[in-house]
Amino acid sequence: MAAQLGVSRGTVRVAYQRLIDEQFAVGAGAAGTRVAKCPSPSSSPLWSPDVPPLPELFHTYGTPPLPFQMGVPSQDAFPFKLWSRVVARAARRAAAAPVGYPDPRGDPQLRKEIAAYVGIARGLRCSPAQVFVAAGYSGALGLAVRALQVVGSRALIEDPSFPITRKALDLSGITVTAVPVDAEGLDVASGVQSARGAALAIVTPGQHAPLGMTMSLTRRLALLAWARRSDAWIIEDDYLSELQLTGRA
């Protein structure tokens, strides 16, 4: 198992010991380790026999449905063995590092690599000190609206849009105006008319979430012109930028 997962034998022993401690497995010496027997059923039922069984509606038939969630990688294509080796190597390095609180902005080496990557891929000149690594999209958006001092203002978002965007803005006290999209992306003219005084626009110009179209150059220039006139901010959710396989967005 250690060779299959790409980890040390000691790691496997610790995992087995945890299973034994939790009574999920039983050690049998030279005979190996086996799954523990289920505990004997309770002598008294935990439910009343007068309660009718669940209707057939709740029974599961056939194979489970496919997970059509956004942002979920393909398990059959994920390099689990390579990932296990990388995680084990990172864990060994972390164990040898001095104990202390990590940088809240993210690992310095990771931020350095991100700054170098966006310079090559997006032509953005920034230093590692300007890069912040958040735990997820919602947390990053919350940090951004506080840093831009737009809490309590009005924001434009795409309709439809990523559901977490609206929730994160609602938590920040920002009034949301949903602007329709078409084949060219966000309808900037419609958004400007319906939300005068907006201080922020959140867009996915590279690949709209969830419809997938790319915002046209005309719309992008119109959005930039609006931001200059209104002294407003634009937050670009550049998700999937690494997967633009047919050209740059």
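The values are calculated or read from the model by the stated rules, or taken from the named source; none is laboratory data. Because the structure is a prediction, the values reported are computed rather than measured. In this analysis, Cβ positions are derived from the backbone assuming ideal geometry, glycine residues included, and neighbour counts consider all displayed protein chains.
Looking at residue 96, is it of a type in the set (Gly, Ala, Ser), under 29 Å from residue 72 (Cβ atoms), exposed (fewer than 10 other Cβ atoms within 10 Å of the Cβ) and modelled with pLDDT under 90? So residue 96 does not fit the description; no.
Quickly run through region 149-165 and pick out the residues that are at negative phi and either surrounded by 21 or more Cβ atoms within 10 Å (Cβ to Cβ) or part of a loop (DSSP other than H, G, I, E, B) (or both).
Residues satisfying the conditions are 150, 151, 153, 155, 156, 157, 158, 160, 161, 162, 165.
Would you confirm whether any residue within region 121-144 is part of a strand (DSSP E or B) and either loosely packed, with under 15 Cβ neighbours inside 10 Å or of a type in the set (A, V, I, L, M, F, W, C) (or both)? The answer is no, given that none of the residues of region 121-144 is part of a strand (DSSP E or B) and either loosely packed, with under 15 Cβ neighbours inside 10 Å or of a type in the set (A, V, I, L, M, F, W, C) (or both). Just to be sure before I move on: is residue 139 among the small types (Gly, Ala, Ser) and over 14 Å from residue 202 (Cβ atoms) in the structure I sent? Criteria met by residue 139. Evaluation of residue 101 against the conditions (1) more than 19 Å from residue 135 (Cα to Cα); (2) modelled with pLDDT under 90 shows that the sole unmet condition is (1).
Check 221, 156 and return the single one that is more than 28 Å from residue 111 (Cα to Cα), touching a helix residue (DSSP H, G or I) at 6+ places or on another chain (Cβ under 7 Å) and at pLDDT 95 or above.
Details: 221 fails: touching a helix residue (DSSP H, G or I) at 6+ places or on another chain (Cβ under 7 Å).
Testing whether each residue is more than 28 Å from residue 111 (Cα to Cα), touching a helix residue (DSSP H, G or I) at 6+ places or on another chain (Cβ under 7 Å) and at pLDDT 95 or above leaves just 156.
Considering (1) without any contact (Cβ under 8 Å) to a residue 24 or more places away in the chain; (2) in a loop (DSSP other than H, G, I, E, B); (3) not β-branched (Val, Ile, Thr), the lone condition that residue 113 does not fulfil carries the number (2). A Cβ distance below 8 Å, combined with a sequence gap of six or more or placement on separate chains, defines the contacts here; from region 211-232, residues that are closer than 20 Å to residue 198 by Cβ reach residues that are among the aromatic types (Phe, Trp, Tyr) and outside any helix (DSSP H, G or I) in the pairs 227/233.
Could you please find all residues in region 146-162 being in contact (Cβ under 8 Å) with a residue 40 or more places away in the chain, over 25 Å from residue 212 (Cα atoms) and not hydroxyl-bearing (Ser, Thr, Tyr)?
Initially, region 146-162 is screened for residues in contact (Cβ under 8 Å) with a residue 40 or more places away in the chain, giving 148, 150, 153-158, 160-162.
Restricting the remaining residues to those that are over 25 Å from residue 212 (Cα atoms) gives 148, 150, 153-154.
Passing the criteria: 148, 150, 154.
Output yes when any residue across region 166-174 is over 20 Å from the mean Cα position of the chain (by Cα), in a loop (DSSP other than H, G, I, E, B) and surrounded by 15 or more Cβ atoms within 10 Å (Cβ to Cβ), and no when none is. So far as region 166-174 goes, yes, one or more of its residues are over 20 Å from the mean Cα position of the chain (by Cα), in a loop (DSSP other than H, G, I, E, B) and surrounded by 15 or more Cβ atoms within 10 Å (Cβ to Cβ). Of all residues in region 1-20, those that are without any contact (Cβ under 8 Å) to a residue 24 or more places away in the chain and closer than 15 Å to residue 81 by Cα have Cβ atoms under 8 Å from Cβ atoms of residues that are assigned to a helix (DSSP H, G or I) and of a type in the set (S, T, N, Q), 6 or more apart or on another chain, in 2/11.
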